[in-house]
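This report refers to the structure that appears directly beneath it.
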Amino acid sequence: MKEIWKSLANLLFLTTIINILKDALNLILPPKFWHWRTFLLLTIFLWLLSMIISEVDSNKEEAINFISSLSWLSLTISVGWRTTQKPFVFGELSLSPWITGGLICFLLYENFASNIKYVAIVSWPIISVCIAAIILVLNSSEAATEAKVDQLSKPSFVILILVNFLVSCWLGLYFLIQGMVQQYPTMGEDDLSQSTFVYRLITPSINDYRGAKIMNLMEQKLKDDLSSQKLGLSVPKMKLRLENIKDEVTKEISVKEDDFWKLQTSIVANQSGYQLELQLFWEGPTAKDESYYLSKSCKIGETVRQRSSGSTPQNEAVPILVGNVECGAVEKKAVKPESQEENLKNI
C-alpha cells in the first residue's frame with residue numbers, strides 16, 4: 001500500500017512539473033512566427049551565444065561585442081513591439097516610442113566614445129518622436145501614402161514634436177553647462193542666485209574655489225621645497241620660484257580656466273625671512289561683473305631641523321637651518337575697476 005501511495009505522489013509531482021513547464025513554454029513560445037516573442041527568443045539565443053564565446057575565447061572581443069549588440073537590437077524590437085499593446089497604451093498615446101528610443105540610445109551610449117556619450121542622451125527625445133512618426137504612419141487607416149504622411153501634420157502631433165525637441169534642447173543645455181563648469185569651475189562657484197535656469201543645491205565655501213585649491217597646493221609645494229634647504233633666495237628669485245610653483249600646480253590639475261588666474265605676490269624681506277601675500281586675480285567672467293582676487297598671507301622664516309649625517313653615529317643628528325612656511329586662510333577680496341589695471345601691471 002505504501003508503494004502505491006509513493007508511486008501516486010511521484011506521478012502527481014511529475015505532472016505538476018510538466019504543467020509548469022508547459023505554462024512557461026506557452027508564455028515564451030510565440031503563437032506565430034512574426035511575433036514579439038520571436039525576437040525575445042532570438043535575444044536570449046544571441047546572449048547565450050555571446051556568453052559561450054566569451055567563456056571559450058575571451059580574446060574575440062569584436063565578435064562578442066557584435067553579437068551582444070545584435071542581442072540588444074533584438075530586445076529593442078521585442079520590447080518596442082510589446083509596448084504598442086495594452087497596458088502600455090493610454091488612449092491614443094503609446095509609450096512604445098520613448099521606451100524603444102531609450103533602448104536604442106542606451107546602445108549608442110555604450111558604443112560612443114566617453115567624450116560624446118552625452119549625444120546619446122540628448123538625442124533620445126528626437127529618436128523617440130521619429131519612432132512615433134513611423135508608428136503613426138504605419139498604423140494609419142488611410143490607403144494613400146500622401147494621406148498617411150498628412151497624419152504627421154496634425155496639431156497634436158506637431159505639439160508632440162515641439163515638446164520632444166524642447167526636452168532635447170534642455171538636455172543639451174544641461175550637458176553644455178556641465179562641460180563649461182568642468183573646464184571653468186570658478187564660473188560654477190560664482191553667485192548664481194539670479195540665474196533663470198541654473199540652481200545650486202549647495203553653496204560653495206571659499207575653499208571650494210579653484211583659486212583657493214591652487215593656493216593651498218602652492219603653499220604645500222613651497223613647504224616641501226624649503227623644508228630641506230636653507231632660506232637663501234633673494235626677493236626676485238622668490239617671486240620667480242612662486243611663478244614656477246603656480247605653473248607646476250596648474251599643470252597637475254590642468255583645466256582651461258587656468259589662464260584667467262593671474263598671480264601677484266607682494267614680498268617684504270626682513271631679518272628673519274620674508275613676509276609675503278599670495279594674490280590670485282580672477283580675470284574671467286563673473287555673475288555680477290565684479291572683479292575679485294583671492295589672498296593668502298604667508299610668513300617664511302628659518303628653523304632648526306635635525307638631519308642624520310653619514311659621518312656621525314646613527315643615534316646622533318646634525319642641526320641645520322631650513323625654511324619654515326606658515327600661511328593663513330584664503331580670503332576673497334573685491335577689486336575696484338580703477339585699481340585692477342594698476343595691480344595687474346605689478347605682476
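Take the residues of the stretch 131-141 that are open to solvent by 30 Å² or more (accessible area, probe 1.4 Å) and without any contact (Cβ under 8 Å) to a residue 24 or more places away in the chain: which is nearest to Ser94 (Cα to Cα)? If we take residues in the stretch 131-141 being open to solvent by 30 Å² or more (accessible area, probe 1.4 Å) and without any contact (Cβ under 8 Å) to a residue 24 or more places away in the chain, then Leu136 is nearest to Ser94 (Cα to Cα).
Taking first residues from the stretch 44-72 that are closer than 17 Å to Phe106 by Cβ and partners that are open to solvent by 90 Å² or more (accessible area, probe 1.4 Å) and of a type outside the set (Gly, Ala, Ser), the Cβ contacts under 6 Å between residues at least 6 apart in sequence or on separate chains come to Ser71/Trp47. Looking at Asn207, Asn244, just one residue is farther than 24 Å from Val181 by Cβ and open to solvent by 60 Å² or more (accessible area, probe 1.4 Å), and that residue is Asn244. Only one of the numbered conditions (1) surrounded by fewer than 18 Cβ atoms within 10 Å (Cβ to Cβ); (2) over 30 Å from Ile177 (Cβ atoms); (3) of a type in the set (A, V, I, L, M, F, W, C) is violated by Ala113, and that is (2).
Taking each residue of the stretch 100-124 that is closer than 14 Å to Tyr174 by Cα and looking for partners that are in a loop (DSSP other than H, G, I, E, B) with beta-carbon atoms closer than 7 Å, six or more apart or interchain, yields Val119/Phe112; Ala120/Phe112.
Taking the listed residues Leu95, Leu75, the one that is in contact with a Ser or Thr (Cβ under 6 Å, 6 or more places away or on another chain), open to solvent by less than 50 Å² (accessible area, probe 1.4 Å) and of a type in the set (A, V, I, L, M, F, W, C) is Leu75, with no other qualifying.
Exactly one residue out of Leu222, Leu278 is crowded, with 16+ Cβ neighbours inside 10 Å and either of a type in the set (Asp, Glu) or at pLDDT 85 or above (or both): that is Leu278. Here the condition is being surrounded by fewer than 15 Cβ atoms within 10 Å (Cβ to Cβ), among the aliphatic types (A, V, I, L, M) and at pLDDT 75 or above; of Val268, Val304, it holds for Val268 alone. Candidates are the residues of the stretch 253-265 that are in a strand (DSSP E or B) and open to solvent by less than 40 Å² (accessible area, probe 1.4 Å); the one that is nearest to Cys298 (Cα to Cα) is Thr265.
The values are calculated or read from the model by the stated rules, or taken from the named source; none is laboratory data. All values derive from a computational prediction rather than experimental measurement. Cβ coordinates were reconstructed from backbone atoms using ideal geometry, including for glycine residues, and neighbour counts include every protein chain displayed. Keep in mind that these areas ignore ligands, DNA and RNA; they rest on the heavy atoms of the full protein, side chains included. Shrake-Rupley method; radii C 1.70, N 1.55, O 1.52, S 1.80 Å.
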